[in-house]
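**Student:** What follows is a structure written as structure tokens; I'll ask about it next.
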């Protein structure tokens, strides 16, 4: 009888991932067995402890300057890019969890007390259903201050899936991780306390969007397996340069695979419903998705393009040039037409996805390090932006229409000043992390012969800067409406999340050397 040998596992290398997924399982047990009044403090403490423990484990392992390895039967690759992006995800996850846990900005928290609660619906002017000003589905008055604490294990499972997704060394592991990170996010999108219909619509749209992404990815995986006879990235690379078979299966599979990844990264023209999801999801969840999912998606794109298809880049680069141009143009131009703050930031993220593709297409060490730095810088700025958006409120909840931000500087100079700084960072103004990140990515693209694409990116950046500046002008040079929204005083959690994002955005703009050096020299193993 053939003896089966268990594959060697480097537990130290994958300890951060195991801690996050293990913590998610413990969080589920806490949700199942604790009485409702104990769940929120226990879940918040548990989630923060899990993130801290994973960060410490990552620091201890990375501090030894380890060489890149593959483990779990070569299913996961733990190398410099993996360690950098894991650290980025844990830090961004911390900021997002602080926003999720806050119960002072929205009394009781941003999440509904009972996930199955129906949206408040009444008769519209034309007799159709319209959403009520707030959720009226509480069973008892004393239920209002509670919140759906299932969001904490959801966040940990999604974070663990993201960490596995960008470290996956074969396409099947990557697909499983894609599902692990996506399913909790679909549920989290539908848990908004207010504007329930909009939140539920966002959840359904995000589910359909994710289903398309998964279908494209899986079909592409099947075609590539038919060509290479393996789903391992290094095996695909070897087959691509050493096979005399037709390349139709290879590049057809690559096209479908990349489409699935671009869906997840919200890259135009595969950004369908992304603005709707950003607008309808609870704002803390929007921050989590906008920052962390972008990191996971582009981490996976980098690994697939560099490890499996780096030697065939001349065949696929032209197509990605077109995709990058479309994403930058759509994000910048359609962002000008938006009147809702969350939708405007959604189109901003689509433009930034185009900028990130420049670094991903540069199959060089400089391209990898620039993309990693860009993901770090963009993530912290985005978390802080959505934290500030959650503070501007009226009787119906968050006041996200641009007209409601008129004269905000007269109502709260500090909030307007913080938002101005963050918007300038998204625009790429010097002395912010956005400028340093764009400079790094554009330099890497220039060095790899993509000068025309860099020129288009600069024009798109100039166009996108207009809608950021429009908000700044609105806040400082318009008169506030007498019955306009107020700025809620944030609690400790939201204050910490915004402060963290602002400080990192400032530090990465003034002294980016440490992060650039950490990202530098990042090479993939297979």
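**Student:** Name the residues in segment 471-492 that are closer than 27 Å to residue 351 by Cα and either touching a residue at least 12 places away in the same chain (Cβ under 8 Å) or touching a strand residue (DSSP E or B) at 6+ places or on another chain (Cβ under 9 Å) (or both), would you?
**Tutor:** Matches in segment 471-492: 471, 472, 474, 475, 476.
**Student:** Continuing with the same structure: Scanning for something crowded, with 24+ Cβ neighbours inside 10 Å, under 30 Å from residue 250 (Cα atoms), within 14 Å of the chain's Cα centre (by Cα) and at pLDDT 85 or above, does segment 305-328 turn up at least one residue?
**Tutor:** no
**Student:** Given the structure, is residue 165 closer than 21 Å to residue 16 by Cα, in contact (Cβ under 8 Å) with a residue 24 or more places away in the chain, surrounded by 21 or more Cβ atoms within 10 Å (Cβ to Cβ) and out of contact with any strand residue (DSSP E or B) (no Cβ under 9 Å at 6 or more places or on another chain)?
**Tutor:** yes
**Student:** Look through segment 471-491, keep the residues that are exposed (fewer than 14 other Cβ atoms within 10 Å of the Cβ) and modelled with pLDDT of 85 or more, and return whichever of them is nearest to the chain's Cα centre (by Cα).
**Tutor:** 473
**Student:** In segment 191-202, how many are surrounded by fewer than 22 Cβ atoms within 10 Å (Cβ to Cβ) and in contact with a helix residue (DSSP H, G or I) (Cβ under 6 Å, 6 or more places away or on another chain)?
**Tutor:** Number of matching residues: 2.
**Student:** Continuing with this model, one more query. Kindly indicate which of 350, 345 is at pLDDT 90 or above and either out of contact with any helix residue (DSSP H, G or I) (no Cβ under 7 Å at 6 or more places or on another chain) or under 20 Å from residue 476 (Cα atoms) (or both).
**Tutor:** Matching residue, one of 350, 345: 345.
**Student:** Could I ask something else about it? Could you list, in sequence order, the residues of segment 211-224 that are closer than 19 Å to residue 179 by Cβ and either touching a residue at least 24 places away in the same chain (Cβ under 8 Å) or not in a helix (DSSP H, G or I) (or both)?
**Tutor:** Hits for segment 211-224 are 212, 213, 214, 215, 216, 217, 218, 219, 220, 221, 222, 224.
**Student:** Which of (1) at pLDDT below 90; (2) under 27 Å from residue 514 (Cβ atoms); (3) assigned to a helix (DSSP H, G or I) does residue 64 not meet, given it meets every other one?
**Tutor:** Single failed check for residue 64: (3).
**Student:** Residues of segment 232-262 being surrounded by 20 or more Cβ atoms within 10 Å (Cβ to Cβ) and outside any helix (DSSP H, G or I), which ones?
**Tutor:** 232, the sole residue that qualifies.
**Student:** Would you point out which residue out of 322, 290 is outside any loop (DSSP other than H, G, I, E, B) and out of contact with any helix residue (DSSP H, G or I) (no Cβ under 8 Å at 6 or more places or on another chain)?
**Tutor:** Numbers: 290 fails: out of contact with any helix residue (DSSP H, G or I) (no Cβ under 8 Å at 6 or more places or on another chain).
Only one candidate passes the filter, namely 322.
**Student:** Now, a different point. Anything in segment 182-197 that is assigned to a helix (DSSP H, G or I) and at pLDDT below 85? List them, or say none.
**Tutor:** Within segment 182-197, 196, 197 meet the criteria.
**Student:** Every residue in segment 496-508 that is crowded, with 17+ Cβ neighbours inside 10 Å and within 28 Å of residue 406 (Cβ to Cβ), please.
**Tutor:** We begin by selecting, within segment 496-508, every residue crowded, with 17+ Cβ neighbours inside 10 Å; these are 496-498, 500-502, 504-505, 508.
497, 498, 501, 502, 505, listed by residue number.
**Student:** Which residues, taken from segment 1-39, are loosely packed, with under 14 Cβ neighbours inside 10 Å, modelled with pLDDT under 90 and under 20 Å from residue 148 (Cα atoms)?
**Tutor:** 32, 33, 35, 36, 37, 38
**Student:** Taking residue 383 as the residue in question, decide whether it is crowded, with 24+ Cβ neighbours inside 10 Å and farther than 15 Å from residue 303 by Cα. Reasoning before the result, please.
**Tutor:** Details: crowded, with 24+ Cβ neighbours inside 10 Å: yes; farther than 15 Å from residue 303 by Cα: yes.
Against the criterion (crowded, with 24+ Cβ neighbours inside 10 Å and farther than 15 Å from residue 303 by Cα), residue 383 qualifies.
**Student:** Within segment 40-58, work out how many residues are crowded, with 22+ Cβ neighbours inside 10 Å and over 30 Å from residue 518 (Cα atoms).
**Tutor:** 1
**Student:** Within the bounds of segment 360-369, is there any residue that is buried (at least 24 other Cβ atoms within 10 Å of the Cβ), touching a strand residue (DSSP E or B) at 6+ places or on another chain (Cβ under 8 Å) and in a helix (DSSP H, G or I)?
**Tutor:** The answer is no, given that none of the residues of segment 360-369 is buried (at least 24 other Cβ atoms within 10 Å of the Cβ), touching a strand residue (DSSP E or B) at 6+ places or on another chain (Cβ under 8 Å) and in a helix (DSSP H, G or I).
**Student:** Among 278, 227, which is the only one that is touching a helix residue (DSSP H, G or I) at 6+ places or on another chain (Cβ under 7 Å), surrounded by fewer than 24 Cβ atoms within 10 Å (Cβ to Cβ) and either in a loop (DSSP other than H, G, I, E, B) or at pLDDT 85 or above (or both)?
**Tutor:** 227
**Student:** If you check every pair at least six apart or on different chains, which have Cβ atoms under 8 Å apart with a residue in segment 259-274 that is over 12 Å from residue 353 (Cα atoms) first and a residue that is assigned to a loop (DSSP other than H, G, I, E, B) second?
**Tutor:** Here the result reads 259/270; 274/266, each pair linking segment 259-274 to a residue that is assigned to a loop (DSSP other than H, G, I, E, B).
**Student:** Is there any pair with a first residue in segment 232-243 that is touching a residue at least 40 places away in the same chain (Cβ under 8 Å) and at negative phi and a second that is assigned to a helix (DSSP H, G or I) and surrounded by fewer than 17 Cβ atoms within 10 Å (Cβ to Cβ) whose Cβ atoms are under 6 Å apart and which are 6 or more apart or on different chains, and what are they?
**Tutor:** If the second residue must be assigned to a helix (DSSP H, G or I) and surrounded by fewer than 17 Cβ atoms within 10 Å (Cβ to Cβ), the pairs left are 241/311.
**Student:** Which members of segment 225-260 meet the condition of being under 27 Å from the mean Cα position of the chain (by Cα) and farther than 24 Å from residue 69 by Cβ?
**Tutor:** 253, 254, 255, 256, 257, 258, 259, 260
**Student:** Which ones in segment 391-430 are outside any helix (DSSP H, G or I), in contact with a helix residue (DSSP H, G or I) (Cβ under 7 Å, 6 or more places away or on another chain) and farther than 17 Å from residue 484 by Cβ?
**Tutor:** 428, 429
The values are calculated or read from the model by the stated rules, or taken from the named source; none is laboratory data. A quick note: this is a predicted structure, and the numbers were derived from the prediction, not measured. Don't worry about glycine lacking a Cβ; one is built from the backbone with ideal geometry, like all the others, and counts go over all protein chains shown.
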